Amino acid sequence: MNRKDEKYKIISNKELGNGYFELKLNAGKIAKFCQPGQFFMIDVEKNFLRRPLGICDVQVDVISFFYKVVGSGTKNLSNIKSGQIQALGPLGKGYPVEYPKNLQPLLIAGGTGIASIHFLAKTLKAKGNIYYGVRSKKDLFYLQSLKKFGWNIVVSTEDGSQGHKGFITEVLEKKIKNTDVLYVCGPTMMLKSILDITANKQTKVYASLEQKMSCGFGNCQGCVVKINNEIKSVCKDGPVFEIRNFSNYF
């Protein structure tokens, strides 16, 4: 596996708005080994544990990460503006980019789940619809680049400030067909709703799970979940899984 634990030069770490940040690192040759759905464990100053960040984009030797400040770890990370930062990656198993030709890909993102979906949208050859749900229009990002990749964007906001008012799953319920393959990254409740919608369909569902991680290798067993009646480590066996049955986190 091509992965490294080393210091990378920070190109930028800027706020995009509403507490959301984009971190760009010069990763050199390791960038070409990154796949959509994979992540890096970022060493944050003043914090004992590293923070997992999903890959949002790769351009030649530059890797981009998208995150929101939600606690002390991401707050400390947002204050690092220059120099170098220790990072381990790329880690985990990403989205399968090859699938049966008779299937139509649908990409579904909730909140910061747009990070891995953005990189996937850039990578997939076949283009279709991206369903993107957030709380408010202030939480929408990367719309223009997704359109440049050739995708049609369907938006929902819980407060009705843009697109459908409500949850993105309310829109999806009327759109999903047996011939679809779904790529999903977002909150647990969104994933559960999607599994309910597809329960009686032949639809394939590939989901990137959002889970707290400590080691990134599956050694600490801190991110175990029950998927398709098997115990899995999100960091080692995932974070992307083909899911038919999903039990809540332990």
Legend entry - DSSP bridge orientation in the chain - percent antiparallel, rounded to nearest 5: 60
Inset, instruction - Starting from the Cα-Cα distance between Phe149 and Lys29, subtract it from 0.36 nm times their residue separation and give me the gain in nm to one decimal. - result: 40.8 nm
Inset, instruction - Calculate, in nm to one decimal, what Val97 and Asn229 gain on full extension: separation in residues at 0.36 nm each, minus their alpha carbon distance. - result: 45.0 nm
Inset, instruction - Treat every Asp and Glu Cβ in the stretch 155-209 as -1 and every Lys and Arg Cβ as +1, leave all other atoms uncharged, and give the resulting dipole magnitude about the Cα centre to the nearest 20 debye. - result: 240
Legend entry - Eligible lysines near Lys137 by straight Cα distance, threshold 18 Å, same-chain separation 8 or greater: Lys68, Lys147, Lys165
Inset, instruction - Take the alpha carbon gyration tensor of the stretch 130-188, find the square roots of its eigenvalues, order them as a ≥ b ≥ c, and report rounded if a/c is under 1.5; if not, report prolate when a/b exceeds b/c, else oblate. - result: oblate
Legend entry - Size of charge dipole - the stretch 71-162 - debye, nearest 20, with Cβ of Lys, Arg +1 and Asp, Glu -1, no other charges: 260
Legend entry - Calculated [θ] (222 nm, deg cm²/dmol) that DSSP helices of n ≥ 4 give over the chain, each run adding -39,500 (n - 2.57): -4000 deg cm²/dmol
Inset, instruction - Please name whichever of Gly128, Gly19, Thr198 sits farthest to the positive end of the charge dipole of the chain, dipole taken about the Cα centre and charges placed at Cβ: Lys and Arg +1, Asp and Glu -1. - result: Gly128
Legend entry - With every protein chain in place, the stretch 1-69: carbon and sulfur % of accessible area (1.4 Å): 46
Inset, instruction - May I have the convex hull volume per residue, in Å³, for the Cα set of the stretch 89-206? - result: 106
Legend entry - Equivalent-ellipsoid semi-axes of the chain, from the Cα gyration tensor, Å, largest first: 28, 21, 18
Inset, instruction - Please find, in a Gaussian network model of the chain (springs between Cα atoms separated by less than 10 Å), the residue of Ser136, Ser233, Ser156 whose mean-square fluctuation is greatest. - result: Ser136
Legend entry - Distance between the stretch 1-61 and the stretch 174-211 - C-alpha centres, whole angstrom: 27
Legend entry - Distance violations [Cα-Cα > 30 Å] among Lys101/Lys175; Lys148/Lys204; Lys81/Lys125; Lys4/Lys75: Lys81/Lys125
Legend entry - Long-range amide H partners of Val181 with built H, under 5 Å: Gln104, Leu106
Legend entry - Extended-chain gain in nm, criterion 0.36 nm per residue less alpha-carbon gap, Lys201 and Ser136: 20.3 nm
Legend entry - Nearest-20 debye value, the chain charge dipole, Cβ charges on Lys, Arg, Asp, Glu: 360
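The values are calculated or read from the model by the stated rules, or taken from the named source; none is laboratory data. This is a predicted model, so every value here is computed, not measured. A quick note on method: Cβ atoms are made from the backbone with ideal geometry, for glycine too, and the neighbour counts reach across all protein chains shown. Heads up: the accessible areas ignore ligands, DNA and RNA and are worked out on the full protein's heavy atoms, side chains in. Shrake-Rupley method; radii C 1.70, N 1.55, O 1.52, S 1.80 Å.
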